[in-house]
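Written below as structure tokens is the structure these notes are about.
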Amino acid sequence: MTTTLSQPMIDFQNLDLTVADASLLTDLYQLTMAACYVGEKLDQRTASFELFVRKLPQDFGYLVAAGLEQALSYLQQLKFSPQQIQALQATGLFVHVPERFWSVLEQATFEGTVWAVPEGTAVFANEPLLRVEAPLWQAQIVETYLLNTINYQTLIATRAARIRDQAGDDAKLLEFGTRRAFSPQGAMWAARAAIAGGLDGTSNVLAALKLGQTPSGTMAHALVMALSALEGNEDEAFTAFHRYFPDAALLIDTFDSIEAAQRLAQQVEAGERSPIRAVRLDSGELVSLSQQVRSLLPDTLIFASGDLDEYEIARLKQEGAEIDGYGIGTKLVTGTPVNGVYKLVEVDGKAMMKISSGKVTYPGRKQILRQWDESGQIVGDRLCLIDELIDELEDQTDSKSSSGQGQSSYTPLLQTVMIEGERVQVPEELGAIARRTRESVKSLPAALRQIRQPGLAPVEISDALQQLTERTQQQIQSHYTKSN
């Protein structure tokens with residue numbers, strides 16, 4: 001089949017992503033590797049890839065897994081349309097691939113099994129968030145999309161969880177990051193992950209409605225400035241806005257926060273205005289401003305925004321700020337990335353690992369066994385092979401408890417979520433994920449919840465996994481030595 005790029009098979013000017021586009025939202029080398037597997041008749045060999053983070057971002061003691069729902073949705077809908085195949089052929093990059101490669105793409109549906117930790121679960125470095133077991137070409141080609149959604153949503157959910165942990169359970173926390181997110185799609189995922197991580201809502205109207213939420217927000221300086229200019233003064237702007245949205249928070253820092261609060265307090269006292277439910281401060285020294293506003297409007301909720309994050313919230317609380325809620329934007333939806341990777345750990349029943357300097361991986365299909373004490377606190381994790389017997393590990397725990405170290409138990413974190421391309425669990429409600437996040441974070445050792453210089457994660461490698469790692473590394477090095 002011969003085509004040219006000038007043929008209108010795909011709208012090359014429209015970069016808006018649709019569900020049908022997702023199969024081509026991948027790096028070129030995924031397709032070239034798939035073509036090579038087909039040519040070498042290896043494409044149907046069973047392979048296992050695991051998605052994990054080698055190293056946590058600086059000052060992170062844990063991560064909160066997120067993005068699984070979008071990952072599974074993508075896998076369920078994976079297919080290549082005739083137009084997409086024609087567009088690939090028209091690039092001229094695939095002229096030497098076997099003809100069967102195009103047949104493989106034409107008939108493509110994801111046929112694999114997926115294991116994953118539930119969204120909202122706290123995890124540590126080198127622990128698989130997800131494992132794909134599928135025909136080699138399928139397990140390979142989905143890497144880019146899986147990393148894209150899970151890396152980003154895990155970052156946002158983790159930041160949201162840290163913010164909630166610092167702000168406390170009673171604070172009202174809203175996601176305001178749409179205008180700073182890296183793309184419209186990113187804004188949607190950020191809103192979802194922020195709520196999954198513990199925030200109460202989002203100002204993103206589309207995201208909120210799609211998630212079954214009520215959009216949250218206040219007002220902008222533009223309204224205050226426009227109505228002040230056209231209707232006389234700031235008070236007229238407040239009055240007009242409350243005429244239509246009587247319970248909304250008033251943004252009082254457009255001109256002078258304290259003067260605005262004083263006038264509002266006088267008007268309420270004189271019966272000229274209904275009690276003010278909430279005000280928002282978006283600039284200035286928030287500690288002193290919030291304290292002064294509280295003295296003037298003692299029964300009014302004070303909401304703060306303006307480049308806030310967990311560090312600034314911790315400072316505000318420590319210095320006695322009178323703030324009831326926070327709007328979090330730029331520093332929630334951007335920042336140091338979660339550098340998750342997706343690596344082959346087994347192919348055709350043979351363990352595989354990467355041994356290059358600084359990027360060594362653990363071979364074999366793995367399970368995370370989380371140990372809890374009798375009070376429900378996390379004692380530590382054991383990274384082991386999936387065929388290790390949990391009962392044996394529990395026996396070891398029982399022997400420790402009999403020696404006076406207390407009762408504890410292990411729970412496997414990775415669950416089967418898809419078999420032969422079909423989901424085996426119903427999608428979780430966002431509220432359930434958010435509750436899991438909070439419970440998971442609260443069960444962590446206090447040192448891991450610190451936002452500066454957190455402690456080291458209590459993860460140990462099982463003897464069997466350590467032995468497989470050493471044996472596999474020796475085999476690879478021996479083979480490499482012989483071939484050279």
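The values are calculated or read from the model by the stated rules, or taken from the named source; none is laboratory data. Since the model is a prediction, treat every value here as computed from it, not as a measurement. Backbone-built Cβ (ideal geometry, glycine too); neighbour counts: all protein chains shown. Remember, those area values only see protein heavy atoms, side chains included, never the ligands or the DNA or RNA. Shrake-Rupley method; radii C 1.70, N 1.55, O 1.52, S 1.80 Å.
Summary table below
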| item | result |
| --- | --- |
| Residue within region 341-353 that is touching a strand residue (DSSP E or B) at 6+ places or on another chain (Cβ under 9 Å), outside any loop (DSSP other than H, G, I, E, B) and over 30 Å from residue 461 (Cβ atoms) present | no |
| Residues of region 240-259 classified as surrounded by 15 or more Cβ atoms within 10 Å (Cβ to Cβ) and either part of a loop (DSSP other than H, G, I, E, B) or among the aromatic types (Phe, Trp, Tyr) (or both), total | 6 |
| Number of the condition not met by residue 72 [criteria: (1) open to solvent by less than 10 Å² (accessible area, probe 1.4 Å); (2) over 30 Å from residue 117 (Cβ atoms)] | (2) |
| Near pairs, Cβ below 8 angstrom, 6+ apart or cross-chain, from region 108-121 (closer than 30 Å to residue 199 by Cα and open to solvent by less than 10 Å² (accessible area, probe 1.4 Å)) to any residue that is modelled with pLDDT under 95 and not hydroxyl-bearing (Ser, Thr, Tyr) | none |
| Condition met for residue 438 (modelled with pLDDT of 95 or more and either more than 19 Å from residue 125 (Cβ to Cβ) or not in a loop (DSSP other than H, G, I, E, B) (or both)) | yes |
| Inter-residue pairs, beta-carbon under 6 Å, first closer than 26 Å to residue 449 by Cα and in region 168-188, second among the aromatic types (Phe, Trp, Tyr), 6+ apart | 173/326 |
| Yes/no for residue 237 being in a loop (DSSP other than H, G, I, E, B), of a type in the set (A, V, I, L, M) and open to solvent by less than 70 Å² (accessible area, probe 1.4 Å) | no |
| Pair list, Cβ under 7 Å, 6 or more apart: region 78-100 residue open to solvent by 40 Å² or more (accessible area, probe 1.4 Å), other residue in a helix (DSSP H, G or I) and of a type in the set (A, V, I, L, M) | 98/38; 100/38 |
| Considering residues of region 181-227 that are crowded, with 19+ Cβ neighbours inside 10 Å, of a type in the set (Val, Ile, Thr) and not in a helix (DSSP H, G or I) only, the residue modelled with the highest pLDDT | 202 |
| Members of region 273-294 found to be farther than 16 Å from residue 249 by Cα and open to solvent by 50 Å² or more (accessible area, probe 1.4 Å), listed by number | 284, 285, 291, 292 |
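So that you can scan it fast, the table gives a plain yes or no per residue for (1) open to solvent by 10 Å² or more (accessible area, probe 1.4 Å); (2) closer than 17 Å to residue 207 by Cβ; (3) in a loop (DSSP other than H, G, I, E, B); (4) touching a helix residue (DSSP H, G or I) at 6+ places or on another chain (Cβ under 9 Å):
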residue: 139; (1), (2), (3), (4): no, no, no, no
residue: 145; (1), (2), (3), (4): yes, no, no, yes
residue: 149; (1), (2), (3), (4): no, yes, no, yes
residue: 166; (1), (2), (3), (4): yes, no, no, yes
residue: 169; (1), (2), (3), (4): yes, no, yes, yes
residue: 179; (1), (2), (3), (4): yes, yes, yes, yes
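Table: residues versus (1) touching a His at 6+ places or on another chain (Cβ under 9 Å); (2) touching a residue at least 12 places away in the same chain (Cβ under 8 Å); (3) closer than 17 Å to residue 316 by Cβ.
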| site | (1), (2), (3) |
| --- | --- |
| 243 | no, no, no |
| 249 | no, yes, no |
| 252 | no, yes, no |
| 271 | no, no, no |
| 279 | no, yes, yes |
